[in-house]
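Data first, discussion second: the structure below is written as structure tokens.
Just so it is clear, none of the values below were taken in a lab; they were calculated from the coordinates. Nothing here was measured: the structure is a model prediction, and the numbers come from that model. In this analysis, Cβ positions are derived from the backbone assuming ideal geometry, glycine residues included, and neighbour counts consider all displayed protein chains.
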């Protein structure tokens with residue numbers, strides 16, 4: 001039986017940062033961080049998808065750009081784009097929450113049998129990448145810090161992991177592999193964190209996350225890639241190319 005996907009702890013990534021709804025209900029039904037997505041994501045931003053072609057003419061990468069937020073990244077050409085509906089269901093379940101204005105999200109799966117459920121599922125044997133851009137509330141702006149960015153998707157800092165564990169968060173065995181502060185320019189700043197978690201079925205998975213905010217902390221820019229630890233090791237070079245391609249041009 002395929003294990004059920006783990007729900008990320010926050011209802012709206014960090015827009016409701018002061019409420020901290022960490023992993024309620026245990027591993028079988030962790031509280032969703034993203035209940036704001038339940039219908040399609042079409043119309044929330046202009047996504048431009050193109051193909052980057054090598055000198056020999058064979059396509060190598062799909063280039064993904066959100067022109068409204070000046071956010072860009074690339075994925076291998078063989079990865080599959082998730083439909084807006086499938087991604088919304090994976091992130092928000094069956095809830096019919098209203099999608100906030102200005103939010104943009106897109107997902108790509110490297111699996112030959114792509115599924116949006118791989119975003120937080122323990123069966124992701126190929127890389128799955130999610131990009132998200134959203135405006136920040138006044139409360140989130142005031143609470144913004146590098147640690148906030150570290151904990152934006154899953155608990156990373158010791159304090160947040162302790163808090164999540166106390167509320168029944170279902171992932172265990174946290175192991176930090178890399179933590180780096182990034183300052184690419186134009187006021188954009190953030191962190192890249194790579195870490196392992198073990199799912200209740202015993203699968204150890206690697207998460208690679210870049211979280212940025214702009215100079216005024218008015219937006220969150222997130223790129224997170226996830227697959228099993230063995231998958232991550234096998235595709236490390238390819239994954240690093242994807243993560244390093246994440247570009248935000250904002251002030």
Burial order of peptide ranges 73-83, 165-175, 219-229 (average beta-carbon count within 10 Å, highest first): 219-229, 73-83, 165-175
Residues 91, 182 arranged by fewest to most Cβ contacts within 10 Å: 182, 91
Inter-site label distance for residue 249 and residue 237 at 7 Å from Cα along Cβ, in nm: 2.9 nm
Protection-proxy order for peptides 61-69, 235-243, 129-137, each taking the mean of Cβ atoms within 10 Å per residue, highest first: 129-137, 61-69, 235-243
Label-to-label distance, nm, for residues given as residue 68 and residue 172 (7 Å Cα→Cβ offset): 4.3 nm
Label point 7 Å beyond Cα of residue 229 along Cβ direction - residues of the stretch 199-221 with amide nitrogen under 15 Å: 199-208
